[in-house]
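Comments concern the structure below.
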Amino acid sequence: MLEINHLTMVFKHHQLVIPKLSVAPGQVLTLTGASGIGKSSLLQWVLGVPQPNVAIAGELSLNGVDLTQRPIEQRNIGLVTQQADLFPHMTVQQNLLFARTAQSADRQAWVAEQLNSVGLSEYGDAYPAELSGGQRARIALLRSLAASPKSILLDEPFSALDVKLRTSVREFTWSKLADAQMPAMLVTHDPADAPGEVVNLEHYYYD
Amino acid sequence: MATTLPTLTMNRLTRAGLALLWIIVPLVVIAWHVTTTPLNASIGSAWEGLGESAWLTLLVTVLTSVVVLFAALAGSRGRHLNATWASFIAVPHVAFAIGLLWLVSPSGWLVRLVDALLPAWQGPVQSSWLSAKSTLTLLVVLILKELPFLLLMAQANIRQMPIARWQQQALALGYSQRRFWWLIVVPALLKPLRLPLYIIAIYTVSVVDIPLLVGPNAPALLAHQVFELNWQFSAGDNDWVAWGALLLVLLAFISLLLLRGLEWLLQRALGRCAITGRRSQSGGTGGNASSKPWFWTLLALAVLTSLILQSGQQGWFYPALWPQGWQWERWLSEWPYIAPLLYNTWTLAVFSATLAWLSAVILLELQAQRQQSKLNAAWLIMLIIPQLVLVLGWQRQVGPDNSFVWLLWSHTVFCFPYAYLTLHGAYLAYPRRWLWQARSLGYGPWAAWFRVLAPMLKRPLALAWAMAFSISVAQYLPTQWLAPVTHPTLTTEAVSIASGGDWRLASVYALMQWVSVWIIFMVALGVTRARN
């Protein structure tokens, strides 16, 4: 369970006050709201990214463990973004191996299996620039899951894709997340992206 | 907030430490020197002795800056210079001047070439205006050496402008390419070029090594004259040195005011032209020769060839196009003298470049964490104070022949702003989300920096180090005034030999200086070649 309590985010011209938000394992909570309201800032706070221009107070816990003061690398929360953010100097295989923990058994075989499962076995040695948008989006999700996170954040992961690809990548994402049974938060502008509960941040907006 | 408070404090302490090392201490030493130096001579007598030099310095500074500005504005329309051109900018001034002088002097290679092609020509050129050591030669050397720097700065800014969209609009409205460039792009370019232009102006006000080689002697440039006076030991000369240093600061200020005025006038004139609605008839797509990469390749090759031939020639009398005899043994016989200089130069350059580079990276990392994406001009302050004034103050406070540590510190003070300037664009434009990705996968901040950011920014990081290295190699005044006996370098020796008139031997030292920088740039470009 991912829980946010007593969160206050003070921006330059407005603030968000969120008494409580929680996401159960296997559930995807969708955040919507006008541009600039603070959706991505909220996601970054959950991830643990310092935000010098926003004053933030609140508590965050995952499966009962308080994460509020923990740095990003100790939170065990994955991130998938609109740009996919695959490391351009690494091949697809290297991106996945980079994410897979060193202690994992048979890392190479795991990578091969994952690439095979998405029909991209022959792209292991390709660089991200050589992939299509849909292929990049799939690899980005696989990479996030490779580190065995306990929760995942999705920051407009489908908005750079065309309508046809969007549907297939969306289905792929939901099926992977259903298998992983972890709480997830999604930021999107498109209501069609939302697979479950939707929270409109405008309800928590104050001048 | 418990963990962020120490981080913030650490960040502030680190910034304060960097500022202390590279800005505050250098300036406090100067301030101390200025306030404790009595000015015994009257300003009238000082002006009588230094006035002519001051006027000449102002003239050379303004002319160099204006010509470089207009050539860069016109030239940046051409093909874009790339990273390789950074290596041309980094060619040490002294090596460039020694090579260029043989090329363009009244009995030099170009004149000999004209002589060979035009039998009617009566050479060599006889005019004091065009003599090897003259104001005109000085201007040519300074302009050719400074122009690539401003061109690169102009093109870096142009790349960030939506030029294609502006051009489409202007052409659709019936404007020619040339009018579009001067009425739309140039006004937008003037402000971002202000700081690089000021850096060029201040460099010109206070440069000593180039005037020593190719500048006029009567009157000499003010920095040149103050440099000479500082070797005298009479009290009167010392007073003039103090007045000279003050005059240099004043000249620097006046030059910047004049350049600011010129910018204002140019903005107004172009603005008025733009609202007349007048379209020119001609297409006007031709650019300035300086915009063409081949021009710079040819120039660099000609200067390099001139240095190589000079370093090996035994006799080369007018009007012979090629040397009449060779004496390559000069290289071998000079090696015992060159080797220790090479060691001094490289040691100093490696350490100061590394210190400067580390400082620049730390500073930029802190800026990036605070989401400050703009260049902080305060860190470049050492480039907008005449170098002679700074080094003079340091010399007077710490003594003329000091430990390696002071020399290293003085070099780093000047290498640091260039490392910061070279790296800031790429570093602050780097999308931090890649680092968050790595950290969300379980990597700590150091691991994320080394495994994700460093490989992606390897070329700008390497070029920034190489640039800092080349700046240290080219330093003349700090080495000459702070450690001339204990740590002479290739640059100080090349200037001494060339100003003594032995251009053949000076070419050997200049080549070693050039090769040192060239090797570093080639290695930096080679090892950072992108595979993907």
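Just a few scattered comments:
- Within the stretch B:339-367, the residues that satisfy the criterion of being in contact with a helix residue (DSSP H, G or I) (Cβ under 6 Å, 6 or more places away or on another chain) and either over 30 Å from B:LEU428 (Cβ atoms) or outside the structural domain of B:TRP465 (by TED's automatic domain parsing) (or both) are B:LEU341, B:THR345.
- Residues being within 30 Å of A:HIS13 (Cα to Cα) and either surrounded by 21 or more Cβ atoms within 10 Å (Cβ to Cβ) or out of contact with any strand residue (DSSP E or B) (no Cβ under 7 Å at 6 or more places or on another chain) (or both) are entirely absent from the stretch A:163-179.
- Selection of first residues in the stretch B:301-320 that are in a loop (DSSP other than H, G, I, E, B) and of second residues that are polar (S, T, N, Q), restricted to Cβ pairs under 8 Å at least 6 apart or on distinct chains, gives the following pairs, ordered by first then second residue: B:TRP316/B:GLN310; B:TRP316/B:GLN324; B:PHE317/B:GLN324; B:TYR318/B:SER107.
- Going through (1) under 19 Å from B:ALA19 (Cβ atoms); (2) in a loop (DSSP other than H, G, I, E, B); (3) among the aliphatic types (A, V, I, L, M) one by one, B:ILE362 falls short only on (2).
- A count restricted to the stretch B:481-525 and to residues that are without any contact (Cβ under 8 Å) to a residue 24 or more places away in the chain and in contact with a Ser or Thr (Cβ under 6 Å, 6 or more places away or on another chain) stands at 1.
- Checklist (1) touching a residue at least 24 places away in the same chain (Cβ under 8 Å); (2) within 20 Å of B:ALA498 (Cβ to Cβ); (3) surrounded by 15 or more Cβ atoms within 10 Å (Cβ to Cβ) applied to B:ALA353, failing item: (2)
- Here A:PHE87 passes the criteria (1) farther than 25 Å from A:HIS203 by Cβ; (2) among the aromatic types (Phe, Trp, Tyr); (3) away from every other protein chain (no Cβ under 11 Å) except the one numbered (3).
- When A:PRO25, A:PRO52 are checked against the criterion of being over 16 Å from the mean Cα position of the chain (by Cα), not in a strand (DSSP E or B) and not aromatic (Phe, Trp, Tyr), A:PRO52 stands alone in meeting it.
- In the stretch A:137-150, the residues that are closer than 19 Å to A:ALA102 by Cα and within 8 Å of chain B (Cβ to nearest Cβ) reach residues that are in a helix (DSSP H, G or I) and aliphatic (A, V, I, L, M) with C-beta atoms within less than 7 angstrom, at least six apart or across chains, in these pairs: A:ARG143/A:LEU96; A:ARG143/A:ALA99; A:ALA146/A:LEU96; A:ALA146/A:ALA99; A:ALA147/A:ALA99.
- Failed item, numbered, when B:HIS487 is tested on (1) more than 14 Å from chain A (Cβ to nearest Cβ); (2) within 30 Å of B:PRO386 (Cβ to Cβ); (3) out of contact with any Cys (no Cβ under 7 Å at 6 or more places or on another chain); (4) part of a helix (DSSP H, G or I): (4)
- Count - residues of the stretch B:499-510 that are touching a helix residue (DSSP H, G or I) at 6+ places or on another chain (Cβ under 8 Å) and either within 13 Å of B:THR345 (Cβ to Cβ) or modelled with pLDDT under 90 (or both): 5
Conditions tested, residue by residue: (1) closer than 17 Å to B:ALA448 by Cα; (2) touching a helix residue (DSSP H, G or I) at 6+ places or on another chain (Cβ under 7 Å); (3) surrounded by 15 or more Cβ atoms within 10 Å (Cβ to Cβ); (4) within 14 Å of chain B (Cβ to nearest Cβ).
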{"site": "A:ARG100", "(1), (2), (3), (4)": "yes, yes, yes, yes"}
{"site": "A:GLN108", "(1), (2), (3), (4)": "no, no, no, no"}
{"site": "A:GLU113", "(1), (2), (3), (4)": "no, no, no, no"}
{"site": "A:SER117", "(1), (2), (3), (4)": "no, no, no, no"}
{"site": "A:LEU120", "(1), (2), (3), (4)": "no, yes, yes, no"}
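- Residue within the stretch B:461-474 that is aromatic (Phe, Trp, Tyr) and more than 14 Å from chain A (Cβ to nearest Cβ) present: yes
- Against the test of being within 11 Å of chain B (Cβ to nearest Cβ) and modelled with pLDDT of 95 or more, the options A:VAL46, A:VAL23 yield a single qualifying residue, A:VAL46.
- Restricting B:LEU8, B:LEU58 to those that are under 27 Å from B:PRO148 (Cα atoms) and either touching a residue at least 12 places away in the same chain (Cβ under 8 Å) or within 14 Å of chain A (Cβ to nearest Cβ) (or both) reduces the list to B:LEU58.
- Among (1) in contact with a Ser or Thr (Cβ under 9 Å, 6 or more places away or on another chain); (2) surrounded by 15 or more Cβ atoms within 10 Å (Cβ to Cβ); (3) more than 8 Å from chain B (Cβ to nearest Cβ) - the single one A:ALA55 does not satisfy: (2)
- One residue stands out among those in the stretch B:412-453 that are among the aromatic types (Phe, Trp, Tyr), more than 8 Å from chain A (Cβ to nearest Cβ) and in a helix (DSSP H, G or I): the one that is nearest to B:ALA368 (Cα to Cα), which is B:TYR427.
- Filtering B:LEU421, B:LEU435 for residues that are under 16 Å from the mean Cα position of the chain (by Cα), surrounded by fewer than 24 Cβ atoms within 10 Å (Cβ to Cβ) and on the phi < 0 side of the Ramachandran plot leaves a single hit, B:LEU421.
- Among the conditions (1) in a helix (DSSP H, G or I); (2) more than 29 Å from B:MET456 (Cβ to Cβ); (3) modelled with pLDDT under 90, A:LEU165 misses just one, which is (2).
- Here is the figure for the stretch A:59-82: residues that are assigned to a strand (DSSP E or B), more than 8 Å from every other protein chain (Cβ to nearest Cβ) and crowded, with 20+ Cβ neighbours inside 10 Å total 3.
The values are calculated or read from the model by the stated rules, or taken from the named source; none is laboratory data. Quick caveat: nothing in here was measured; it's all calculated off a predicted structure. Using ideal geometry, Cβ is built from the backbone for each residue, glycine included, and neighbour counts are taken over all protein chains shown.
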